[in-house]
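The structure appears below as structure tokens.
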Amino acid sequence: GNSVTQMEGPVTLSEEAFLTINCTYTATGYPSLFWYVQYPGEGLQLLLKATKADDKGSNKGFEATYRKETTSFHLEKGSVQVSDSAVYFCALRGSNTGTASKLTFGTGTRLQVTL
Amino acid sequence: NAGVMQNPRHLVRRRGQEARLRCSPMKGHSHVYWYRQLPEEGLKFMVYLQKENIIDESGMPKERFSAEFPKEGPSILRIQQVVRGDSAAYFCASSSRGDSYEQYFGPGTRLTVT
């Protein structure tokens, strides 16, 4: 079945540092890939997405590129802010019948940005 | 345009009681998904519903859990005879269509079983 593996946290960075959160996946066919962010006490918000190989999703300074050859979708940001402190989830949606509706999530990576 | 609404936000139940969680999808959305997030874990898919139909319940526990999405009113996730292991955050998401359409998440209901 489909699965998502992302790096364990917590990740602690100083403000303006470079961020990378690794995400790899296992899926048949051509899944769509997503990054969601969860702020404390809130639900998930879609951060960015990519629907086919070599697509780059970007939003609010965050980027991730869909790499089919390495089955990866790593999240990056050049300069993090304290307000980026949250839990980040990598997710996929399958392309096959029966998997195309539900999202499969990684376990989440907590990011803590300090001044 | 209101987003996905869930209530209650926090629910405390004693072991053996019933828990009812409600989800009102975004306006114009007729597809609802329920996910469960156990402490320190990612979200796990439970069930996918359209109005009056359960499309995919492959993630639902076989016993005590049920879900519905009636023609009128919110979607309901019902947990009978709750146990401590049911303590989790339950998130609802909605979309305008199934498959490749984006899912919008509600703020979640945090269920605590004492």
Answer yes if at least one residue in the range B:61-76 is hydroxyl-bearing (S, T, Y) and surrounded by fewer than 14 Cβ atoms within 10 Å (Cβ to Cβ), and no otherwise.
no
Counting only residues that are touching a Gly at 6+ places or on another chain (Cβ under 7 Å), of a type in the set (S, T, N, Q), closer than 18 Å to A:L75 by Cβ and surrounded by 17 or more Cβ atoms within 10 Å (Cβ to Cβ), the range A:1-27 contains a total of 1
Given the options B:L21, B:L38, name the one that is touching a residue at least 60 places away in the same chain (Cβ under 8 Å), aliphatic (A, V, I, L, M) and more than 20 Å from B:E102 (Cα to Cα).
B:L21
Among the residues of the range B:60-102, the number that are within 25 Å of B:G28 (Cα to Cα), within 13 Å of the chain's Cα centre (by Cα) and outside any strand (DSSP E or B) is 2
Would you mind finding the one in A:K49, A:K56 that is among the charged types (D, E, K, R), surrounded by 13 or more Cβ atoms within 10 Å (Cβ to Cβ) and touching a strand residue (DSSP E or B) at 6+ places or on another chain (Cβ under 6 Å)?
A:K49
Extreme residue, nearest to B:P39 (Cα to Cα), among residues of the range B:70-104 that are more than 10 Å from every other protein chain (Cβ to nearest Cβ) and hydrophobic (A, V, I, L, M, F, W, C)
B:A88
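Residues checked against (1) surrounded by 18 or more Cβ atoms within 10 Å (Cβ to Cβ); (2) at pLDDT 95 or above; (3) at negative phi; (4) not charged (D, E, K, R):
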site: B:G28; (1), (2), (3), (4): no, no, no, yes
site: B:V47; (1), (2), (3), (4): yes, yes, yes, yes
site: B:K51; (1), (2), (3), (4): no, no, yes, no
site: B:G59; (1), (2), (3), (4): no, no, yes, yes
Could you list, in sequence order, the residues of the range B:35-59 that are outside any loop (DSSP other than H, G, I, E, B), under 22 Å from A:V4 (Cα atoms) and more than 10 Å from chain A (Cβ to nearest Cβ)?
B:R36
How many residues of the range B:57-114 are of a type outside the set (A, V, I, L, M) and within 21 Å of A:W35 (Cβ to Cβ)? The answer is 14
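The values are calculated or read from the model by the stated rules, or taken from the named source; none is laboratory data. As the structure is a computational prediction, the values presented were derived from the model and not from experiment. No Cβ is skipped: glycine too gets one built from the backbone with ideal geometry, and neighbour counts run over all protein chains shown.
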